[in-house]
Amino acid sequence: MAKSNRARVAKSGRQGQKTAEGSASTPTKQQDCEICQRLLFLLKAPVSIRGDPKHHVELGSPQQILHSKCQCHTMLVSSLLGVDLESSQLDSVSILGFRDRDYVQVFGKKGHDPFFFESGELRLLTKPSLVNPRWIDYSLPKRWKETCDNSHSGTCASSMTLNPMKGILPIWVVDTWQQCLVRCTLSTPYVALSYVWGGVPSFMTLRENVNQLKVPNSLAEASIGCSLPRTVRDAIHFVQRLRERYLWVDTLCIVQDGEQKMVEINKMAAIYANASVTIIAAEGDDANGGLNGLRGISTQRLARQTVHCLSKHSRIVESFTPKVSWKSPKWYTRAWTFQEALFSRRKLYFERGWVQWECNGAVWTEIGRAPGSLSHYFHKTVPNLDQLNTIITTYNNKELTFPEDSLFAFAGIASGLSNSFDGGFVSGLPASLFSITLLWNPITTITRRTPVRHGGPVCLPSWSWAGWQGSIHWGHLVSDYVKKCDKRGVGVRLERINPLVQWSWHDTQSSLTHPIEESWVKHQKLFWNNCQVSCPTGWARHTISHVSTIPPWQISNQPEPGANPLCFYKHDSEPEAEFWYPLSLPVTGPQSQKLASLISCRTRRAWLVAGEEFTPACRRRGVEISVRDRTGNWAGALQLHGQVSSELCQPDLALELVEIAVGHMRNDAGEANWGQVLDEWDLEERPKGGILYEYYYVLWVEWKDGVAYRKGLGRVEKNAWEAQERGWINLVLG
């Protein structure tokens with residue numbers, strides 16, 4: 001049976017089980033069954049030890065389960081997985097617990113998939129483990145919020161106190177008591193709503209009606225002459241049940257045809273960060289999905305639970321919570337909602353009939369406390385490139401109704417991140433680390449974004465990840481500034497990069513150019529191993545008395561690996577971390593993202609020939625080909641963006657390449673068991689003599705109307721590149 005059939009089986013009656021409202025038959029009990037006793041132990045064990053493999057229960061194949069003399073767990077497993085054990089093609093069945101989780105699950109393995117079948121969340125039957133399947137208990141969300149207010153003041157309620165986003169507020173909020181728009185002030189606590197618009201026609205605030213909507217009761221359905229989408233209407237009523245008054249919802253609180261619309265979009269990060277709670281409407285595919293299960297407000301929900309009998313005195317509740325699912329709701333797939341959830345410090349989820357609370361201090365569900373808490377993405381001041389990479393890769397796999405909104409939907413994220421990245425962002429790339437992050441490469445095949453709307457602004461540059469859809473990565477190219485920080489997951493970084501060009505951004509070929517200031521290069525040269533120059537504000541220097549006090553792997557992470565370290569630095573905002581040199585940090589609040597279609601520089605170009613495609617030994621990142629010189633000698637490797645085109649199959653196809661950076665890595669890197677770092681590392685033709693493998697980073701470009709467009713990123717071995725007839729050009733990338 002396929003996974004897609006699993007949910008259908010779960011809804012039907014099964015032997016030895018009951019629904020929350022039904023009765024249950026009791027299988028014959030086997031007093032001395034070791035399997036039953038181990039299952040009961042796992043269900044009763046402290047959550048801190050449930051993840052220990054020694055407590056897991058391996059049942060073997062369906063045939064082995066059937067040969068057991070105990071009918072209790074045999075019938076239970078058959079019921080939980082919804083399979084006939086006599087005819088099942090499963091290879092094995094396991095009962096697993098998880099560290100810090102108050103439930104266990106049964107999994108059926110088939111082939112290489114250990115989770116081909118899975119049960120719901122299993123708990124011993126107690127009063128708190130059963131919920132009303134149709135209606136949410138209103139006291140729960142209120143109690144969660146009050147507990148967070150009283151217990152998490154240092155991590156949740158005031159988490160943004162020192163953040164520059166604190167004073168940035170929306171212009172309008174909905175007064176749910178007066179049913180109208182009112183201006184938001186610092187003394188106006190509000191709830192925010194995150195939901196999917198979909199294709200539902202929606203009443204919006206426009207320039208022509210904004211003044212009317214300030215009149216009390218103007219948002220009542222009788223006043224606006226139409227119905228608000230269910231999700232919006234349900235949220236307005238639910239806010240009152242939370243003992244709150246004000247609600248921010250985009251369609252009503254942003255004047256959709258107003259001059260300030262882009263200003264408000266750029267403030268989205270702060271709007272959600274400063275909300276007291278964000279309601280996440282993750283049900284349904286559009287704005288009519290509603291907040292189901294709110295008695296007196298919305299339609300009934302379906303919180304699915306099933307009670308199974310293990311013995312006369314042992315009953316197990318199986319809960320089909322949102323975590324037990326094989327398809328994410330549409331809300332999780334959207335780029336706009338990703339931004340909204342990323343910045344919200346306290347979230348109340350409505351999903352698949354259940355309600356759940358998440359904040360910086362805890363995760364609470366209707367049937368207990370779940371492990372984990374929200375990620376503290378924006379509570380550190382010093383830039384974290386690995387974290388930025390994670391955010392962008394996740395965002396860039398989300399869906400957009402209009403691909404040309406890629407950078408607009410990212411604007412709030414860029415604004416929030418500009419608290420760490422000095423100079424803000426230029427079309428999705430941090431200005432202070434521009435040359436490094438320009439070296440992004442695909443993890444898989446990516447596709448070019450093209451606009452679908454006619455008219456309106458379009459900014460989808462080929463040189464930015466935002467011009468493409470799919471997973472991207474820039475490796476660990478500039479983490480040489482991090483000496484030690486467990487929370488950053490820093491390991492040994494083997495590659496060193498130096499930019500070759502000075503980039504500028506501009507809107508058109510004839511418009512004024514603006515130099516992009518890359519402060520990391522200047523700070524590296526000025527502060528690394530320099531005990532004399534004064535530290536920037538917020539930074540403190542610590543001298544190193546003896547090199548033996550520094551672990552070898554940290555010495556290898558310096559700008560010059562193996563050099564004798566003289567000092568390191570700490571920043572006030574991150575006292576547990578140590579850095580080899582300080583980075584320039586913003587001195588003002590959040591900055592708006594610069595939407596630049598073009599960047600330009602003075603550089604050199606040469607032509608090499610497209611070679612054969614190859615597959616890296618340790619990883620697969622899109623399409624990789626070798627590049628060769630005119631005599632057929634191997635020169636380097638090029639990673640293509642997008643599918644392989646028919647033009648690359650032409651013999652001796654010349655590729656125009658432009659140099660943008662230089663890099664190097666020790667040739668003995670693989671011997672240290674750090675694995676392959678560069679995709680071409682194991683190619684037989686790659687030069688391996690000497691201490692260093694040195695190369696140029698190049699872009700493969702094609703020109704149209706005086707503008708070059710990025711088609712791939714590569715590395716060409718230093719001697720091979722310098723042997724070419726390189727010529728200087730004024731490069732304009734679009």
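Roughly how large, in nm² to one decimal, is the mean projection of the convex hull of the alpha-carbon atoms in segment 421-542? If you wrap the Cα atoms of segment 421-542 in a convex hull and average its projections, you get 10.9 nm².
What is the helix-to-structure angle for 139-151, meaning the angle in degrees between its Cα long axis and the longest Cα principal axis of the chain, kept from 0 to 90 and rounded to the nearest 10? Helix 139-151 sits at roughly 50 degrees to that axis. Each of Trp681, Trp703, Asn633 was placed along the dipole of the chain (beta-carbon charges, centred on the mean Cα), and the one lying farthest toward the positive end is Trp681. For the set Arg715, Arg686, the ranking by accessible area, highest first and with no ligand, DNA or RNA atoms included, is Arg715, Arg686 under a 1.4 Å probe. On full extension, the segment bounded by Glu146 and Ala723 gains 200.7 nm, given 0.36 nm per residue less the C-alpha separation. Expressed as a fraction of 2.2 N^0.38 Å, the value expected for a compact globular protein of N residues, the C-alpha radius of gyration of segment 515-664 is 1.49. Accessible area ranking (1.4 Å probe, heavy atoms, ligands and nucleic acids excluded), largest first, for Thr588, Thr147: Thr588, Thr147. Pair-distance distribution P(r) for segment 254-360, from all Cα-Cα distances in 10 Å bins starting at 0: 12, 33, 31, 15, 6, 2, 1 percent. Taking the charge dipole of the chain about its Cα centre, with +1 at Lys and Arg Cβ atoms and -1 at Asp and Glu Cβ atoms, the residue from Thr393, Gln260, Gly455 reaching farthest to the positive side is Gln260. At R0 = 41 Å, how high is the FRET efficiency between His664 and Thr401 if r is their beta carbon distance? Nearest 0.05 is fine. Computed FRET efficiency for His664 and Thr401 comes out at 0.40.
Eigenvalues of the alpha-carbon gyration tensor of segment 187-281, scaled by 5 and square-rooted, set the equivalent ellipsoid semi-axes at 19, 18, 14 angstrom, largest first.
The dipole here belongs to the chain: it is taken about the Cα centre, uses +1 on the Cβ of Lys and Arg and -1 on the Cβ of Asp and Glu, and is about 2440 debye.
When Rg and the Kirkwood radius Rh are both evaluated on Cα atoms of the chain, their ratio Rg/Rh stands at 1.00. Axis of helix 34-44 versus longest Cα principal axis of the chain: the two differ by about 70°, to the nearest ten degrees.
Residues of the chain: accessible area per residue at 1.4 Å, in Å²?
Working: 31390 Å² over 734 residues.
On a per-residue basis, the chain sits at 43 Å².
Spatially, segment 427-481 and segment 124-156 are offset by 41 Å when compared through their Cα centroids. Note that segment 203-244 carries a Kirkwood radius of 11.3 Å, evaluated over its alpha carbons pair by pair. Solvent-accessible area of the chain (1.4 angstrom probe, protein heavy atoms only): carbon and sulfur portion equals 50 percent.
Heavy-atom accessible area for Asp652, with the other protein chains in place and a 1.4 Å probe, reaches approximately 110 Å². Between the Cα long axis of helix 406-417 and the first principal axis of the chain there is an angle of about 90°, rounded to the nearest 10. Separation of segment 263-315 and segment 558-575, taken as the distance between their Cα centroids, equals 46 angstrom. Built from the Cα atoms of segment 495-556, the convex hull projects on average onto 7.2 nm², one quarter of its surface area. A protection proxy built from the mean count of other Cβ atoms within 10 Å ranks the segments 509-517, 629-637, most packed first, as 629-637, 509-517.
For segment 354-362, the Karplus equation 6.51 cos²θ - 1.76 cosθ + 1.60, evaluated at θ = phi - 60°, returns couplings of 10, 10, 8, 10, 9, 8, 5, x, 6 Hz by residue, with Gly and Pro reported as x. With the whole protein complex present, Trp135 retains an accessible surface near 50 Å², based on a 1.4 Å probe.
Ligands, DNA and RNA excluded, the heavy atoms of Cys226 present near 50 Å² of accessible surface to a 1.4 Å solvent probe.
Could you put Tyr695, Tyr332 in order of accessible surface area, largest first, with the 1.4 Å probe and the full protein assembly present? List each step's numbers first, then the result.
On the way: Tyr695 5, Tyr332 75 Å².
Reading off the accessible areas and sorting them downward yields Tyr332, Tyr695.
Which is farthest toward the positive dipole end of the chain among Thr188, Ser48, Ser314, measuring Cα position about the Cα centre, with Cβ charges +1 (Lys, Arg) and -1 (Asp, Glu)? Of the candidates, Ser314 comes out farthest on the positive side.
For the pairs Lys688/Lys718; Lys323/Lys380; Lys166/Lys261; Lys267/Lys323; Lys380/Lys484; Lys267/Lys347, note any where the Cα-Cα span goes beyond 23 Å. Result: Lys323/Lys380; Lys267/Lys323 exceed 23 Å.
The values are calculated or read from the model by the stated rules, or taken from the named source; none is laboratory data. Model, not experiment: these values are computed from the prediction. FYI the Cβ positions are ideal-geometry reconstructions off the backbone, even for glycines, and counts take in every protein chain you see. Ligands, DNA and RNA are excluded from the accessible area calculation, which covers all protein heavy atoms including side chains. Shrake-Rupley method; radii C 1.70, N 1.55, O 1.52, S 1.80 Å.
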